[in-house]
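Chemist: The structure's right below; bear with me while I get my questions together.
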Amino acid sequence: MSDDRKLPTMNLSRRALLAGVASIPLLAALNTPLMAQDFPTAAVNTTGLAVTDDTVKVGILHSVTGTMAISETGSVQAEKLAIAQINASGGILGRQIEVIQEDGASDWPTFAEKAKKLLVEDKVAAVFGCWTSASRKAVLPVFEQYNGMLYYPTFYEGLEQSPNVIYTGQEATQQILAGIDWVVKEKGAKSFYLLGSDYIWPRTSNKIARKHIEKLGLEVVGEEYYPLGHTQFNSVINKIKLRKPDVIYAIVVGGSNVAFYKQLKAAGIDMTKEKPLLLTISVTEDEILGIGGENMVGAYAAMKYFQSLPNENNQTFVAEFKKMWGDDIVIGDVTQAAYLGPWLWKAAVEKAGSFDIDKVREASPGIELTTAPEGYVKIHENHHLWSKTRIGHARADGQYDVVYETTELMEPNPFPEGYQ
């Protein structure tokens, strides 16, 4: 799985689609795509999935309406780009991928309902979807009951490992602990104010952050949560100004980010002065598009991917993403992680020689992409990805400058000792 050969020259339309994956080391990215006749449907689909001699159906399940649409739209775009590229390169086991898209509508019961439809009625071979941990928790029993496979792209709190999920985003030790360690070492931070939206991911993440901060002998001077969609943050901003923490540790999610960062600036908190410094694990370039770069400049974010990464693979990916979705589009951490999902699924299917969920699951550990936009990634036995952690410094134009990255890939550890 580590072949770096380039695709052959093709006609313009196909070359445009494929340029973004010209060196991704997958079987279909070689000169001879796999042919369907070599993989009879009766052999590659023994469990009644929506697989024919010519096509395979998959689901995309994200919020394209409601407060989470600001964050999840990029994931839909990334997944559709990857699928278009895979189809243009010959498909998967010689079959074209057909997409059935459902809208979770920023409502967790709706996510569960749509997940059941995709698995039971549509019989899709894989689902790429969810963003919030609340939506993932809502669909998890459905995937486990009906033995589906979910590729989940969002950085999250960890403390979970399902045989029916491949987690393409970072878990807590790869994002939360590394980010706090950086701000303590590089910025001398000693006090923190924890802030988040009121659901499982921010609450659990801040629980992990608090334990780590206190383990380092440092202080949490405040902790507040607000409902998704909340737009009045002046009260907590006044508390922050009163308590003067070294760091505002922000896990505000979705549309609430727009109000929070605008009100923070209006209250006279200039993040470029770093008094206090703001460190977020929830604001990617996608959210800044809505917030406005002028309201975010000077903040720091702990992620594994930023659009500004200078490597050749990322530059090609960004160009192809913009070619498909428009020059004004931006690409955040979760969007890139969503892009990996279809490619990791394809690699596992072709390694297994089957679309059957159990065989895909068995084939997944060890799958690697040496030229993912973020760099080399590999699926761990715990279904999370080995990846690097990076710190970005927000610019006025809505992009991040990468000011730090771990030297080595961080091994995913969704159940860190002492943080459960």
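Chemist: Report in % the part of the accessible area of the range 277-349 that belongs to carbon and sulfur, leaving out ligands and nucleic acids; probe 1.4 Å.
Modeler: 52
Chemist: Ok, one more. Name the shape class, rounded, prolate or oblate, that the alpha-carbon gyration tensor gives for the range 312-420, where a ≥ b ≥ c are the square roots of its eigenvalues, rounded holds for a/c under 1.5, and otherwise prolate holds if a/b is larger than b/c and oblate otherwise.
Modeler: It is oblate, given that a/c is not under 1.5 and a/b is not larger than b/c.
Chemist: Which whole-number percentage describes the relative contact order of the range 302-420, with Cα contacts under 8 Å and a sequence gap of 6 or more?
Modeler: 27
Chemist: While we're on this one: Which of the peptides 60-66, 197-203, 331-337 is most tightly packed, and how do the rest follow, judged by the mean count of other Cβ atoms within 10 Å per residue?
Modeler: Ranking, from highest mean packing down: 331-337, 60-66, 197-203.
Chemist: Restricting the count to DSSP beta bridges whose residues both fall in the chain, what percent are antiparallel, rounded to a multiple of 5?
Modeler: 35
Chemist: How about residue 185: which lysines have a C-alpha closer than 16 Å to its C-alpha, ignoring those fewer than 8 places off in the same chain?
Modeler: Those lysines meeting the cut-off are 215.
Chemist: (1) 165; (2) 155; (3) 119: which one is volume of the Cα convex hull per residue in Å³ as calculated from this entry?
Modeler: (3)
Chemist: Around residue 198, which amide H atoms from residues at least 5 apart in sequence, or from another chain, sit under 5 Å from its own amide H, with H modelled in the peptide plane?
Modeler: 226, 228
Chemist: Computing the accessible area with a 1.4 Å probe over protein heavy atoms, can you report the carbon and sulfur percentage for the range 182-221?
Modeler: Whole-percent figure for carbon plus sulfur exposure: 47.
Chemist: Follow-up question, since we're still on this one. With a probe of 1.4 Å, find how much accessible area the chain has per residue, and write the answer as a whole number in Å².
Modeler: 36
Chemist: When the helices in the chain are scored as -39500 (n - 2.57) per DSSP H run of 4 or longer and the sum is shared across all residues, what 222 nm value do you end up with, to the nearest 500 deg cm²/dmol?
Modeler: Helix contribution divided over all residues of the chain: -11000 deg cm²/dmol.
Chemist: Straight-line reach from residue 137: which lysines have Cα under 20 Å away, leaving out those fewer than 8 places along the same chain?
Modeler: Cα-Cα hits under 20 Å: 114, 116, 117, 207.
Chemist: Rounded to the nearest 20 debye, what is the charge dipole size of the chain about its Cα centre when +1 sits on each Lys and Arg Cβ and -1 on each Asp and Glu Cβ?
Modeler: 700
Chemist: Still on this structure, I have one more. Once a ≥ b ≥ c are taken as the square roots of the eigenvalues of the Cα gyration tensor of the range 24-151, is the result rounded (a/c under 1.5), prolate (a/b larger than b/c) or oblate (a/b not larger than b/c)?
Modeler: Cα axes put the range 24-151 in the oblate bin.
Chemist: Specify the inter-centroid distance of the range 39-73 and the range 344-371, based on alpha-carbon positions, in whole Å.
Modeler: The range 39-73 and the range 344-371 have Cα centres spaced 15 Å from each other.
Chemist: Taking the Cα centre of the range 111-209 as origin and charging only Cβ (+1 Lys, Arg; -1 Asp, Glu), how large is the dipole, in debye to the nearest 20?
Modeler: The dipole magnitude comes to about 180 debye.
Chemist: Count the lysine pairs in the range 220-366 whose Cα atoms sit under 20 Å apart, keeping only pairs 8 or more residues apart in sequence or on different chains.
Modeler: Close lysine pairs found across the range 220-366: 18.
Chemist: For the range 225-287, what D do you get in µm² per second when you plug the Kirkwood radius from alpha-carbon pairs into Stokes-Einstein at 25 °C and 0.890 mPa s?
Modeler: Stokes-Einstein gives a translational diffusion coefficient of 205 µm²/s.
The values are calculated or read from the model by the stated rules, or taken from the named source; none is laboratory data. Small disclaimer: the values here were computed from a predicted structure and weren't measured. Quick reminder, even Gly has a Cβ in these numbers, built from the backbone with ideal geometry, and neighbours come from all protein chains shown. When the accessible area is computed, the model is the full protein with side chains, heavy atoms only, and any ligands, DNA or RNA have been set aside. Shrake-Rupley method; radii C 1.70, N 1.55, O 1.52, S 1.80 Å.
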